[in-house]
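To start, the structure under review is shown below, and the notes come after it.
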Amino acid sequence: MQLLSKTAPLLTNSLSFGAYFEPIVQLVLPRYRANKISATVTHVSSDANNIYTLTLQPNSRKWKGFTAGQFVQVEVCKNGTFYNRSFSISSAPSLFKAEGKIQISFKAHAKGMITPWMAEHLHVGATIYLSPAMGDFCLSDTLNAKLFIAAGSGLTPFLSMLEDQQNTGWFKQSTLLYFVRTPDDVPFTAQLAAFRKNGLTVKIVYTATEGHLQHSHLNRLSLPLDRYEAYICGPGQMISNTQDLLIEGGIEAHSIHFEYFGSKPLPNADQIVASNSSNEAIKVDFMHSNKLESWFSSQPKSLLELAESSGLKPVSGCRIGVCHQCTCRKKSGRVYNIKTGKYSDSGEENIQLCQSIPVDNLILEL
Amino acid sequence: MNKASKTTLEQFGKELDALRAETISRVGETDARYIRRLIGIQRSSEIAGRIVMVLGFINPALWILGVLLLALAKILDNMEIGHNVMHGQYDWMNDPNINSRNFEWDIVGDGNSWKRYHNHEHHTYTNVIGKDRDFGYGLLRLSDDYKWRPRNRWQFITYVYLSVLFEWGVAYHELAAERIFMGKPRKHSSLPISRKELRNAFFSKAGRQLFKDYVFFPLLCWPVALQVLLGNLAANVIRNLWTSSIIFCGHFTDGIHTFKEEDIKDETRGQWYYRQILGSSNIKGGKLFHILSGHLSCQIEHHLFPDVPAPRYREMMPKVQEICRKYDIPYNTGKFGSQFFSVWKRIFKYSFPTENDKLQGVNA
């Protein structure tokens with residue numbers, strides 16, 4: 001393999017032999033892509049609150065399956081452009097074992113770039129591309145009772161987690177607290193009813209009238225929280241707030257598992273540039289494009305956004321730090337990775353543009 | 001620079017901006033399918049060429065066919081695919097292989113080096129004497145702007161050499177400017193990599209190409225190694241002659257304008273467009289001709305809109321022409337034969353001292 005990957009650029013000027021032969025194969029099979037696993041849409045259903053569920057059949061044995069709670073990156077081709085988005089798998093592992101199929105559910109955001117397009121264009125028979133299942137937001141193997149807290153489409157990983165566990169002991173002692181705007185917006189009603197029937201406590205909170213998670217919501221459940229394990233899934237702000245409340249309520253920090261839907265919110269930039277005591281602009285040099293841009297802590301932007309706002313078009317994908325397509329070589333300077341919370345070295349290395357903000361003056365190979 | 005009024009040019013620039021926006025709004029699926037298909041055809045042609053060439057021992061005509069197929073593949077790869085992809089015309093596809101960052105072409109010149117000087121230097125300072133080294137490539141005297149020197153007497157022969165070895169010109173262009181192998185290093189260099197990296201990239205890419213065409217494939221077909229080696233050489237030379245001829249017609253035809261550094265001071269968008277048009281010339285031809293020339297036959301449109309997918313230049317051409325007519329701006333186009341002939345005439349003409357030199361050379 002090592003030899004092949006070295007000889008490909010030598011003999012074909014392509015990154016790999018797969019990349020060289022891909023356009024030739026596409027003359028006959030237009031949907032073929034080298035080094036990608038395609039999947040066919042076998043069923044589409046829609047639910048309340050603009051939520052759509054796609055049933056997907058991966059077209060290759062190379063797609064190895066998943067653990068409940070994991071997500072996949074879905075790549076679609078919209079008007080000639082490839083877009084990546086991450087979605088939790090909402091179906092149970094048993095469905096994949098029995099039929100080789102998985103389901104993803106997503107909300108078609110009215111102003112979204114991709115989800116409304118997916119809802120409109122991905123019919124039965126359409127092809128999409130799947131990454132392997134990723135993420136470690138999975139059930140722990142303890143038998144403790146569990147508290148699941150979800151908001152909006154953050155319910156999807158829990159559907160996958162709970163489906164195959166309805167006969168376990170902890171299922172009947174566990175609680176699902178679900179935040180959704182109004183009664184009309186509740187999706188997956190049949191599944192929720194089945195969970196309830198099998199003993200899960202399902203409590204739905206309507207945020208339009210009752211607001212987001214507060215002490216009172218937890219108090220009303222009157223659960224001995226210190227014996228619970230918590231799983232939270234939703235937007236970034238909701239997760240931070242929920243974590244704080246749960247810790248106050250007595251759950252230990254290591255018993256709280258969470259998954260961000262969407263990008264983690266940018267941290268307070270003042271903290272990040274603390275090491276750079278002055279509040280001056282940080283200079284970012286896009287060396288191959290001969291552009292010098294200023295980055296201000298008062299307007300925190302990722303380096304990808306900074307590059308784009310200065311008219312560059314770096315290759316990018318998921319924009320949440322998963323796909324590594326926007327990886328770029330940094331010649332010098334330090335960056336802070338908002339996903340890992342780590343400062344980089346000051347030397348030459350690859351960084352993810354979408355997850356990095358500058359700490360001091362940077363030179364990027366872009 | 002023939003000064004057209006600034007306000008007129010502003011209006012003119014706006015019309016071109018609008019044409020660009022209108023075209024970009026239609027770019028999508030069709031363009032993606034086109035470039036994929038073309039790359040598929042180009043690679044099929046390369047593989048077929050390499051195989052058929054080997055069969056030349058059965059019938060020499062097969063050798064010739066193989067050479068032509070391989071030359072075709074190299075021409076498509078360099079012109080319609082490589083040149084345009086590396087201009088970033090297809091970056092919007094977000095394809096891991098078809099983008100200006102990863103694409104590398106089948107030519108001895110390193111793509112990254114070419115991108116630096118071509119996309120920046122040549123496209124920004126088109127035909128500005130002293131800034132755009134593509135004007136004569138530092139080898140040929142093509143206008144009065146340069147003083148006549150005795151060596152210019154033989155420049156037609158230099159031109160023939162350059163055409164046969166064109167890919168080496170592309171490879172060496174940036175190294176010549178930075179005076180990597182000889183001469184004093186440039187005083188004000190904006191080279192973003194070290195001189196050593198530039199030299200290494202040159203040797204690495206040239207070495208890979210030489211190994212592939214003159215060592216690996218000949219040895220792979222051992223009993224007919226010489227036949228394959230010569231076939232690859234012939235294909236490379238055919239490609240060199242074709243690309244050189246097309247490219248010379250883009251900026252060195254009759255009626256092309258050159259500019260001085262003071263002309264481009266505080267240049268507005270409209271003036272920039274105006275200079276690109278005066279400094280470029282088109283070649284008329286059918287669809288196939290345009291594809292084989294990488295749409296450099298639409299050099300004017302390419303210089304106005306370097307990152308618009310090239311096949312779109314064909315539909316932009318009549319509209320650009322109409323806008324030029326409206327503002328009374330010359331639009332230089334002609335058949336391949338006449339454009340090419342005017343390039344030769346220019347090379348000959350400036351082989352000898354011209355009016356300016358007789359007036360004791362005003363230009364340095």
Scanning the stretch A:184-237 residue by residue, the ones that are part of a strand (DSSP E or B) and either in contact with a Gly (Cβ under 7 Å, 6 or more places away or on another chain) or closer than 23 Å to A:Trp170 by Cβ (or both) total 11
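Here is a yes/no grid of residues against (1) hydrophobic (A, V, I, L, M, F, W, C); (2) in contact (Cβ under 8 Å) with a residue 24 or more places away in the chain; (3) out of contact with any helix residue (DSSP H, G or I) (no Cβ under 9 Å at 6 or more places or on another chain):
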| site | (1), (2), (3) |
| --- | --- |
| B:Glu15 | no, yes, no |
| B:Ala21 | yes, no, yes |
| B:Glu29 | no, no, yes |
| B:Arg36 | no, yes, no |
Condition set touching a Ser or Thr at 6+ places or on another chain (Cβ under 7 Å) and in a strand (DSSP E or B), scope the stretch A:287-312, selection surrounded by the fewest Cβ atoms within 10 Å (Cβ to Cβ): answer is A:Lys291
Picked from the stretch A:120-155 (must be part of a strand (DSSP E or B) and among the aromatic types (Phe, Trp, Tyr)), the residue surrounded by the most Cβ atoms within 10 Å (Cβ to Cβ) is A:Phe148
Of (1) within 14 Å of chain A (Cβ to nearest Cβ); (2) within 17 Å of B:Leu229 (Cα to Cα), B:Arg36 satisfies every one except (2)
Of (1) over 27 Å from the mean Cα position of the chain (by Cα); (2) within 14 Å of chain B (Cβ to nearest Cβ); (3) surrounded by fewer than 18 Cβ atoms within 10 Å (Cβ to Cβ), A:Gln2 satisfies every one except (2)
Looking across the stretch A:319-331 at residues that are more than 11 Å from chain B (Cβ to nearest Cβ) and either in a helix (DSSP H, G or I) or more than 13 Å from A:His288 (Cα to Cα) (or both), the single one that is modelled with the highest pLDDT is A:Arg319
Discussion item. Can you confirm whether B:Arg141 is more than 14 Å from chain A (Cβ to nearest Cβ) and either under 27 Å from B:Tyr214 (Cα atoms) or out of contact with any helix residue (DSSP H, G or I) (no Cβ under 9 Å at 6 or more places or on another chain) (or both)?
Written reply: no
Note on the stretch B:147-174: residues basic (Lys, Arg) and in contact (Cβ under 8 Å) with a residue 24 or more places away in the chain are B:Lys147, B:Arg153
Is the stretch A:64-75 home to any residue that is among the hydroxyl-bearing types (Ser, Thr, Tyr) and crowded, with 17+ Cβ neighbours inside 10 Å? no
By residue number, the members of the stretch A:16-39 that are facing another protein chain (nearest Cβ under 8 Å) and farther than 20 Å from A:Gly80 by Cβ are A:Tyr20, A:Phe21
Among residues of the stretch B:192-214 being away from chain A (no Cβ under 14 Å) and among the basic types (Lys, Arg), the residue surrounded by the fewest Cβ atoms within 10 Å (Cβ to Cβ) is B:Lys196
Within the stretch A:75-104, the residues that are among the β-branched types (Val, Ile, Thr) and away from chain B (no Cβ under 14 Å) are A:Ile89, A:Ile102, A:Ile104
Of the residues in the stretch A:63-74 that are touching a helix residue (DSSP H, G or I) at 6+ places or on another chain (Cβ under 9 Å) and part of a strand (DSSP E or B), the one that is nearest to the other protein chains (Cβ to nearest Cβ) is A:Val74
Condition check: within 14 Å of chain A (Cβ to nearest Cβ), touching a residue at least 60 places away in the same chain (Cβ under 8 Å), assigned to a helix (DSSP H, G or I) and out of contact with any His (no Cβ under 6 Å at 6 or more places or on another chain). Does B:Phe217 satisfy that?
yes
Exactly one of B:Glu10, B:Glu46 is among the charged types (D, E, K, R) and either more than 26 Å from B:Met79 (Cβ to Cβ) or part of a loop (DSSP other than H, G, I, E, B) (or both), and that residue is B:Glu10
- Task: Please indicate, with yes or no, whether at least one residue in the stretch B:50-59 is under 30 Å from B:Glu261 (Cα atoms), surrounded by 20 or more Cβ atoms within 10 Å (Cβ to Cβ) and either away from chain A (no Cβ under 14 Å) or of a type in the set (Phe, Trp, Tyr) (or both).
- Result: no
- Looking at A:Ser46, is it under 23 Å from the mean Cα position of the chain (by Cα), more than 9 Å from every other protein chain (Cβ to nearest Cβ) and hydroxyl-bearing (Ser, Thr, Tyr)? yes
Quick check, is B:Val67 of a type in the set (A, V, I, L, M, F, W, C), surrounded by 19 or more Cβ atoms within 10 Å (Cβ to Cβ), touching an Asp or Glu at 6+ places or on another chain (Cβ under 9 Å) and in contact (Cβ under 8 Å) with a residue 40 or more places away in the chain? no
Kindly indicate whether any position in the stretch B:306-316 is touching a Cys at 6+ places or on another chain (Cβ under 6 Å) and within 23 Å of B:Asp17 (Cβ to Cβ).
-> yes
By my count, helices (runs of 4 or more DSSP H) wholly in the stretch B:245-364 with at least 2 residues that are surrounded by fewer than 20 Cβ atoms within 10 Å (Cβ to Cβ) and more than 17 Å from the chain's Cα centre (by Cα) are B:269-278, B:287-292, B:312-326, B:336-349, B:355-358
Of those in the stretch B:18-33 that are surrounded by 15 or more Cβ atoms within 10 Å (Cβ to Cβ) and part of a helix (DSSP H, G or I), the residue nearest to the other protein chains (Cβ to nearest Cβ) is B:Ala32
All-but-one check, A:Gly234 against (1) touching a strand residue (DSSP E or B) at 6+ places or on another chain (Cβ under 9 Å); (2) of a type in the set (Gly, Ala, Ser); (3) within 18 Å of A:Gly69 (Cα to Cα); (4) at pLDDT below 85, failing number (4)
Residue count, the stretch A:332-366, condition β-branched (Val, Ile, Thr), out of contact with any Leu (no Cβ under 9 Å at 6 or more places or on another chain) and assigned to a loop (DSSP other than H, G, I, E, B), comes to 2
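The values are calculated or read from the model by the stated rules, or taken from the named source; none is laboratory data. Remember, it's a predicted structure, so these values are computed and weren't measured experimentally. For neighbour counting, all protein chains shown are included, and Cβ atoms are generated from backbone atoms with ideal geometry for every residue, glycine included.
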